[in-house]
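To start, the structure under review is shown below, and the notes come after it.
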Amino acid sequence: VHCGNHITSHGLALNCCTDLSWFEHIVPCGLEGTTATSLSRELGRHITVEDILEPFLESFQEVFDCTVVFSEEPRD
């Protein structure tokens, strides 16, 4: 992940119930012919970040063998 001037050039997004029309203006990850999607679209029901955050973080920690620390405090 790279971030400069408050712009992320690559990263991870949890598109849960996102307005996907904004993604029509980009080429996701530079991959021509691909589109972005959301969990709500793929599952056919409304999914919120609150619904998915805990199982996502558990899976992320398991796959990447790490501990995720969540804080609402800004970092220096």
Checklist entry - Could you count how many residues in the stretch 20-42 are outside any helix (DSSP H, G or I) and open to solvent by 100 Å² or more (accessible area, probe 1.4 Å)? => result 2
Checklist outcome for this item: Going through the stretch 43-57 in order, the residues found to be more than 20 Å from Val68 (Cβ to Cβ) and open to solvent by 80 Å² or more (accessible area, probe 1.4 Å) are Leu43, Arg45, His46
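The values are calculated or read from the model by the stated rules, or taken from the named source; none is laboratory data. What you see is a predicted model, and the numbers here were worked out from it, not measured in a lab. Reconstructed Cβ throughout: ideal geometry from the backbone, glycine too, with neighbour counts over all protein chains shown. Heads up: the accessible areas ignore ligands, DNA and RNA and are worked out on the full protein's heavy atoms, side chains in. Shrake-Rupley method; radii C 1.70, N 1.55, O 1.52, S 1.80 Å.
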